[in-house]
Amino acid sequence: MSEEKQQVSRRTFLNYTLTGLGGFMAAGMLVPMLRMAVDPVLQTSGGGDFTNVGLAVDDITTEPQRVDWKIDQVDGWYESEVSKSAWVFKNDKNEIVAFSPVCKHLGCVVSWEGNEDYPNEFFCPCHNGRYYKDGTNVPHTPPLAPLDEYDQKIENGMLFLGKVRTREEAKPREEA
Amino acid sequence: MKWNKENLKQYVQAKEYVDTIVLPLMPFHLSQNAELEKSAFQREVLSIFLTEIEQELTGRIMLTPDYNYLKSTDKTTEVERINAWIEEITTQPFEHIFLITFDSTWKKHEESLNGHLLWLPGIQSGDLHSKEMHTFIHGQVEQISELIQSYW
């Protein structure tokens, strides 16, 4: 046997192989864990897709108006067009507000001044649920929570609406 | 509410709030080539109507599965079957039953049906996805929903 071949002994060779293998296995386990740990960072911000609802910002007044639009939604087996709507207006602070019209009681569609007896309120025709203009549910009517609000952004003077958030979820965004 | 797992779970908990049934009457046939497209189209339109109405008033109405029948059928036997459906339905606390259809032949049998028949003059043809159709259906749905509300 030549001198060169004895430079790596059987013992060191096995050592190297085992350390290498162990290293690979550890890495295989650790990398997915690491990914999970930093996952929130990897996610795209913004919270979903925005759709142009066909309403110019200049046309938004203090009087709530209903906008309807359609989105493609893939829902398990079905890919379907889903119709969405919102009540859009400017509030006292001149901020644009887009409420989801879905009643928090059992999900009927509420309308602005839907009942003559209750001006300046959103009204649900199903069980006479009522909400003030700021979306807060009127006490002693069936709904137990304020109306949900859409995420919004403005591009080229048009209003884009995104995901629906409950009042609780929307709060931190307002304060930020 | 629709007759599916998720909605029914909600229904069972909120039974006292859901007092109205919407029961679609949908004809089917494969004979009469000339009529086929029209019938299928009306069925599509009606199901869009129903989805929209259900969405507007979801908390108080229950949309049942479609009642299918042969277009050429003898209506008096169908009336009996429909009334049997209604009988089953009214064992639950349902107060208002609406039968919705595009088929005008039901109008003659309205008296013997144990529910309110809403016959809508059908749309013969057109593009379901066009903007005009969208606005048209929307306007109609609003009126039907007002009509249903007037019974509450």
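Throughout, read-outs are computed from the coordinates displayed, never taken from laboratory work. Everything numeric in this text was worked out from a predicted model, so none of it was measured. Neighbour counts are summed over all protein chains in view; Cβ atoms, including those assigned to glycine, are modelled from backbone coordinates with ideal geometry.
In debye, nearest 20: dipole of segment B:5-151 around its Cα centre with unit charges on the Cβ of K, R (+) and D, E (-)? Write down the numbers at each step before the final one.
Values: 12 positive and 23 negative charges, 37 e Å.
Using Cβ point charges on Lys, Arg, Asp and Glu, segment B:5-151 gives about 180 debye.
List the relative contact order of segment B:27-74 as a percent without decimals, with contacts defined as Cα pairs under 8 Å and 6+ residues apart. Dividing the mean separation by the residue count of segment B:27-74 yields 56 percent. On the basis of the beta-carbon distance and an R0 of 56 Å, B:Ala84 and A:Thr17 show a calculated FRET efficiency of 0.10.
Prolate is the label for the protein assembly as shown, because a/c, from the alpha-carbon gyration tensor with a ≥ b ≥ c as root eigenvalues, is 1.5 or above and a/b exceeds b/c.
Antiparallel versus total DSSP beta bridges in the protein assembly as shown: what percent is that, nearest 5? Of all bridge pairs located within the protein assembly as shown, approximately 65 percent are antiparallel.
Only loop residues by DSSP count here, and only those with at most 15 other Cβ atoms within 10 Å; note down the chymotrypsin sites (Phe, Trp or Tyr not before Pro) in segment A:74-122 that meet that.
Numbers: sites: A:Trp77, A:Tyr78, A:Trp87, A:Phe89, A:Phe99, A:Trp112, A:Phe122; in loops: A:Trp77.
Qualifying residues, ordered by number: A:Trp77.
Taken about its Cα centre, chain A carries a charge dipole of roughly 1040 debye when the Cβ of each Lys and Arg holds +1 and the Cβ of each Asp and Glu holds -1. A Förster radius of 51 Å combined with the Cβ-Cβ distance from A:Val138 to A:Ala27 puts the calculated FRET efficiency at roughly 0.30.
Decide, for segment A:79-154, between rounded, prolate and oblate: order the square roots of the alpha carbon gyration tensor eigenvalues as a ≥ b ≥ c, take rounded if a/c falls under 1.5, and otherwise choose prolate if a/b is larger than b/c, else oblate. Because a/c hits 1.5 or more and a/b fails to exceed b/c, segment A:79-154 counts as oblate.
Would you mind calculating the relative contact order of chain A from Cα pairs under 8 angstrom and at least 6 residues apart, reporting the percent as a whole number?
Values: 258 pairs, mean separation 30.4, N = 176.
Computed value for chain A: 17 percent relative contact order.
With both labels modelled 7 Å from their Cα along Cα-to-Cβ, the A:Asn52 to B:Thr76 distance reads 6.1 nm.
Label zone of B:Glu37 (point 7 Å out along Cα→Cβ, amide N under 20 Å): in segment B:110-134 this covers B:122-134.
Between A:Lys70 and A:Ala145, what is 0.36 nm times their sequence separation minus the Cα-Cα distance? Round to one decimal in nm.
Numbers: separation 75, 0.36 × 75 = 27.00 nm, distance 2.60 nm.
This chain segment gains 24.4 nm when fully extended.
Between A:Glu95 and A:Met158, the contour length at 0.36 nm per residue exceeds the Cα-Cα span by 21.2 nm. One chain, two ends: B:Met133 and B:Leu117. Fully extended at 0.36 nm per residue, the span grows by 3.4 nm beyond their Cα-Cα distance. Among rounded, prolate and oblate, which fits chain A when a ≥ b ≥ c are the square roots of the eigenvalues of its C-alpha gyration tensor, a/c under 1.5 means rounded, and a/b larger than b/c means prolate? It comes out prolate by the Cα gyration axes.
Counting only helical runs of four or more DSSP H residues, what would the 222 nm mean residue ellipticity of chain B come to if each run contributes -39,500 (n - 2.57) and the total is spread over all its residues? It would help to have the intermediate numbers written out before the result.
Numbers: 4 runs with 69 residues, N = 152.
For chain B, the value works out to -15500 deg cm²/dmol.
Given R0 = 41 Å, the distance between the Cβ atoms of B:Leu8 and A:Asp59 translates into a calculated FRET efficiency of 0.50.
Once both labels are positioned 7 Å from their Cα atoms along Cα-to-Cβ, the gap between A:Ser9 and B:His29 label points is 9.7 nm.
With the charge dipole of segment B:5-151 set up from +1 on Lys and Arg Cβ and -1 on Asp and Glu Cβ about the Cα centre, the Cα lying farthest toward the positive end among the listed residues B:Thr90, B:Val79, B:Leu117 is that of B:Val79.
Each Lys and Arg contributes +1 and each Asp and Glu -1, all at the Cβ; summed about the Cα centre of segment B:37-111, the dipole is approximately 200 debye.
Going by C-beta contacts inside 10 Å, put A:Tyr16, B:Tyr67 in order with the fewest on the left.
Values: A:Tyr16 11, B:Tyr67 16.
Taking fewest neighbouring Cβ atoms as first place, the list is A:Tyr16, B:Tyr67.
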